[in-house]
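These notes concern the structure reproduced below.
The values are calculated or read from the model by the stated rules, or taken from the named source; none is laboratory data. All of these numbers come straight from a predicted model, not from anything done at the bench. Here the Cβ positions follow ideal geometry from the backbone for every residue, glycine too, while neighbour counts run over all protein chains shown.
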Amino acid sequence: MNDSAFDIEREYLARENKDKQVLALLLEKFLGKKDRILVQKTEMGGSIAYVGSVTLEWFAGRVRFASSLPLLQQKYNSETDNVEIDADSIEEIRQRPLDWSRQLPLAQYLAARTNHKFPPVLVVINQPWVDNPKAAEWNKQGSATKSTIDFTPLDKDGKVGLLNVSEEDVTIYALDGQHRLMGVQGLMELIKTRKLQRYKKDKTADDTFITLSDLIEQYHVDPAYLQNLPTEKIGIEFICAIAAGETREQARRRVRSIFVHVNLMAAPLTKGQLAQLNEDDGFSIVARKIAVTHPLLEQKRDRKPRVNWDSATVASKSTVLTTLQALQDMSGRYLGQKFPLWKPLDKGLIPMRPENDELQEGIKQLYQLFDYLASLPSYQLLEEEDTPALRRFSFEKDGGEGNMLFRPVGQVAIAQALGILVFRKGLLLEEIFKKLRRFDQKGGFSNIEYPQSLWYGVLYDPNKKRVQVAGRDLAAKLLIYILGGITDQMERAELRTALANARTVENKTISFDGKFVEPKEVGLPPVL
């Protein structure tokens with residue numbers, strides 16, 4: 001490169017650096033004003049919006065719940081921050097009531113999870129004149145002469161600029177993201193007062209608190225980290241309550257329509273999808289690993305899939321063996337006896353991801369359980385038969401074996417019982433499965449729709465002629481009993497009573513030979 005070209009390049013770089021410095025000074029000047037937010041103007045579907053970011057502290061302090069919009073004040077309940085729905089207000093609001101039981105878990109998530117993330121929120125900017133029909137901003141036809149958004153462009157195309165959010169001029173309401181707002185407000189309260197009240201759904205106090213010291217102790221949170229949280233930023237998108245040229249009714253319809261569309265597009269994840277994606281819950285992580293690696297469950301070219309990844313149930317005609325949701329439940333009920341700290345101490349809080357060595361041990365333990373399950377005669381039949389014939393009840397089309405081992409509820413009950421027997425009572429899987437294989441060979445898990453079955457009335461509802469999920473815990477206790485895990489006479493008496501109650505339909509108790517008897521005549525089967 002010759003000297004002339006070098007000088008031109010150096011001059012160009014110097015000018016570029018100078019332009020950057022000027023831009024930095026201008027931005028510093030404009031952004032130094034606390035009532036201005038740097039935003040980018042966007043337009044989609046005819047709706048103009050302004051996208052920026054604000055600190056969590058600003059978000060919690062400046063943004064209000066949509067239910068407190070002035071047009072809803074007559075039906076607004078200030079204690080619950082909800083609108084009381086009746087014949088008058090039903091046309092004014094189209095949103096789900098706030099669920100205040102979610103505040104504490106959301107605040108805990110932000111405080112205890114260092115890699116937390118909330119999606120951007122959508123808010124509406126309102127101004128005082130909107131609710132004054134005689135204000136100068138309304139013309140004689142009832143249309144607004146200006147927008148409620150005051151935007152100052154900084155470029156010639158008006159795409160980037162400053163949004164006026166002066167507290168004197170505007171009020172801001174969360175259109176989408178009200179529970180995120182609730183969570184951030186809870187976080188600010190937790191940091192400021194060092195405790196946070198737990199609420200029920202309707203904001204009734206639950207008389208319990210979570211404290212900052214609890215979080216620091218349980219989740220090893222750095223106090224300095226907590227103090228920096230208010231300065232973190234969240235994405236925010238602003239739309240106007242009233243656009244120039246709109247009547248009040250047109251604006252209300254537009255805003256309400258946006259709200260409905262935002263919520264319709266945000267379909268909730270199924271339980272199966274949550275189990276697929278959850279990277280914090282140790283039981284989910286272990287279940288996923290077993291689902292794709294264990295020979296009983298893994299996908300193979302020469303056979304149909306054995307795991308339903310999305311649904312929590314198995315249809316009668318389905319060829320799968322189980323669901324990912326059932327595997328997660330099995331993981332939790334089996335390994336939960338060995339790793340109780342994988343569950344959060346307070347119900348509703350978010351679990352913390354276990355250490356890798358614990359996860360590996362959990363995978364090893366559950367894999368071993370499935371090795372033994374695969375040895376059961378019923379599961380050995382999978383090499384020759386499809387699951388529908390083994391799952392269907394005898395009275396269903398084409399008939400079937402009615403085997404509880406091919407129902408998620410039965411699989412979870414077995415895992416629950418074995419977790420207690422192995423990790424609490426110290427029994428060995430080898431000894432347990434010697435008994436279970438003999439039990440299975442004699443049809444102990446099959447034909448649960450017949451009175452002769454131990455599971456009749458427990459996992460099978462003879463009245464509705466279908467599987468009964470509510471009987472899972474009793475089924476687990478019965479398994480513990482027949483495997484020799486219940487020796488206390490009082491416990492046995494309580495279990496016998498529970499079994500008799502389960503076999504009572506319309507005040508008639510059914511014995512194991514199918515006769516109507518007195519409840520006290522129903523006894524427990526012999527221990528295996």
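General observations
- Residue pairs whose Cβ atoms lie under 8 Å apart, sitting 6 or more positions apart in sequence or on different chains, and linking a residue in segment 104-121 that is without any contact (Cβ under 8 Å) to a residue 24 or more places away in the chain and assigned by TED's automatic domain parsing to the domain that holds Gly186 to a partner that is surrounded by 17 or more Cβ atoms within 10 Å (Cβ to Cβ) and among the hydrophobic types (A, V, I, L, M, F, W, C), are His116/Leu110.
- Test result for Thr80, among the hydroxyl-bearing types (Ser, Thr, Tyr), modelled with pLDDT of 70 or more and within 23 Å of Arg180 (Cβ to Cβ): no
- Positions within segment 139-178 being at pLDDT 90 or above, assigned to a loop (DSSP other than H, G, I, E, B) and among the hydrophobic types (A, V, I, L, M, F, W, C), in sequence order: Ile149, Val165, Val170
- Residue count, segment 55-64 (criterion: surrounded by fewer than 21 Cβ atoms within 10 Å (Cβ to Cβ) and part of a strand (DSSP E or B)): 2
- Test: residue in segment 376-384 that is surrounded by fewer than 20 Cβ atoms within 10 Å (Cβ to Cβ) and either of a type in the set (Asp, Glu) or within 16 Å of Gln328 (Cα to Cα) (or both): yes
- Selection of segment 90-117 for residues being more than 13 Å from Gly183 (Cα to Cα), loosely packed, with under 15 Cβ neighbours inside 10 Å and either in contact with a strand residue (DSSP E or B) (Cβ under 8 Å, 6 or more places away or on another chain) or modelled with pLDDT of 80 or more (or both) yields Thr114, Asn115.
- Candidates are the residues of segment 277-331 that are among the small types (Gly, Ala, Ser) and assigned to a loop (DSSP other than H, G, I, E, B); the one that is surrounded by the fewest Cβ atoms within 10 Å (Cβ to Cβ) is Ala315.
- When Asp302, Asp281 are checked against the criterion of being touching a Pro at 6+ places or on another chain (Cβ under 8 Å) and of a type in the set (Asp, Glu), a single residue qualifies: Asp281.
- Residue count for segment 390-400 under the criterion of being within 21 Å of Tyr456 (Cβ to Cβ), exposed (fewer than 15 other Cβ atoms within 10 Å of the Cβ) and of a type outside the set (S, T, N, Q): the result is 2.
- Any chance Val63 is under 28 Å from Lys200 (Cα atoms), assigned by TED's automatic domain parsing to the domain that holds Glu168 and modelled with pLDDT of 90 or more: yes
- Looking across Lys465, Lys477, Lys425, one residue alone is buried (at least 20 other Cβ atoms within 10 Å of the Cβ), among the charged types (D, E, K, R) and touching a residue at least 12 places away in the same chain (Cβ under 8 Å). It is Lys477.
- Total residues in segment 207-252, condition within 22 Å of Ala66 (Cα to Cα) and under 24 Å from the mean Cα position of the chain (by Cα): 4
- Test set (1) at pLDDT below 95; (2) surrounded by fewer than 21 Cβ atoms within 10 Å (Cβ to Cβ); (3) on the phi < 0 side of the Ramachandran plot - Phe433 fails condition number: (1)
- Lone qualifier among Gly402, Gly426 - being within 20 Å of Gly484 (Cβ to Cβ) and out of contact with any helix residue (DSSP H, G or I) (no Cβ under 6 Å at 6 or more places or on another chain): Gly426
- Enumeration of residues in segment 338-361 that are over 23 Å from the mean Cα position of the chain (by Cα) and modelled with pLDDT of 90 or more: Lys338, Asp357, Glu358, Gln360, Glu361
- Some residue of segment 480-498 being part of a loop (DSSP other than H, G, I, E, B) and either under 24 Å from Leu381 (Cα atoms) or touching a residue at least 60 places away in the same chain (Cβ under 8 Å) (or both): yes
- Selection over segment 127-166 of residues that are under 30 Å from Val22 (Cβ atoms) and hydrophobic (A, V, I, L, M, F, W, C) gives a count of 7.
- In segment 414-456, of all residues being among the small types (Gly, Ala, Ser) and more than 32 Å from the chain's Cα centre (by Cα), the one that is nearest to Glu361 (Cα to Cα) corresponds to Gly426.
Rundown of residues vs (1) out of contact with any Gly (no Cβ under 7 Å at 6 or more places or on another chain); (2) within 24 Å of Ser311 (Cβ to Cβ); (3) not hydroxyl-bearing (Ser, Thr, Tyr), yes/no style:
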position: Leu390; (1), (2), (3): no, yes, yes
position: Leu405; (1), (2), (3): yes, yes, yes
position: Gln411; (1), (2), (3): yes, yes, yes
position: Phe423; (1), (2), (3): yes, no, yes
position: Gly426; (1), (2), (3): yes, no, yes
position: Asp440; (1), (2), (3): yes, no, yes
position: Ile448; (1), (2), (3): no, yes, yes
position: Ser453; (1), (2), (3): yes, no, no
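Each row is one residue, and each column tells you yes or no for (1) under 22 Å from Phe65 (Cα atoms); (2) of a type outside the set (Lys, Arg); (3) surrounded by fewer than 21 Cβ atoms within 10 Å (Cβ to Cβ).
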{"residue": "Lys156", "(1), (2), (3)": "no, no, yes"}
{"residue": "Glu167", "(1), (2), (3)": "yes, yes, yes"}
{"residue": "Thr171", "(1), (2), (3)": "yes, yes, yes"}
{"residue": "Gly177", "(1), (2), (3)": "yes, yes, no"}
{"residue": "Leu196", "(1), (2), (3)": "yes, yes, no"}
{"residue": "Ala205", "(1), (2), (3)": "yes, yes, yes"}
